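Worksheet: one structure, shown below.
Readers should treat all values here as calculations from the given coordinates under stated rules, not as data from a laboratory. Keep in mind that this is a model prediction, so the values were computed, not measured. Cβ placement follows ideal geometry from the backbone for every residue including glycine, while neighbour counts extend to all protein chains displayed.
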Amino acid sequence: MGLTRVEPVNHESTSAIIADRLRLAIMDGDLAPGDQLGEADLAGRFEVSRGTLREAMQRLVEEGLLRSERYRGLFVCELSPDDVQDVYVTRNAIEQAAARLILRRGDRAAVADQLDAICEQLRAAIEADDQPAVGRADAAFHEALVTASGSSRLSRMARTLLIETRMCIRELSRTYASPADRVTEHTAIAAALRDGTEALVLGLIDAHMADAVQRLAPDRDLHSPFTDLVD
């Protein structure tokens, strides 16, 4: 084929592995928004050179997860109200499109069963007060919904929002007076999918996203036409 520059790649680079671990630490809250990353400390903990660590952290800077401040160092990025609104507007569009595809060509009962099982994981994590597990279960519900659509493009779009979504979900945990309400919102979406009423499914997804924006960025809104469907 004449592609003389293309060679097999058998091993993930050390910097890529470190970048993955830092992403996971941000998702799980071990590294919180605003936290400063100490280069010497992290290089020692990972047992790598500072050069390798810098390469890994630069990847996260390019992804918008870390920010560099001159003379101060690197910090975990904080989501502004505009960022929160943008994340949920985008997720709303993706998940409503996924729901339409499930209703029109998928096995909605099987999808509802899968989502109900994740809701039980969410309930158990809340009862155990295991916040990382709460975040993983909440994100898993929405990932499963998009994956069940069968659209690889919707899934790719959703994955690009994964870390920011997890950051938002972690902050949401602090806003529920009754954590059980969180389970109720998700089980309602699963039940509506099982029932197959499109307007209700879309309305519940929209209301779920709008509620999150209101909790995290009270001076913003989702600007969506479906909210009134669930009033």
Residues other than I126 with Cβ under 14 Å of its Cβ, Lys/Arg counted +1 and Asp/Glu -1, net out at -2
To one decimal place, what Kirkwood hydrodynamic radius in Å is obtained for the range 121-231 from all pairs of distinct Cα atoms? 14.7 Å
Taking just the alpha-carbon atoms of the range 7-105, what radius of gyration and Dmax come out, in angstrom? 17.4, 55
Over 26 Å apart: what share of the alpha carbon pairs of the chain falls there, rounded to a whole percent? 44 percent
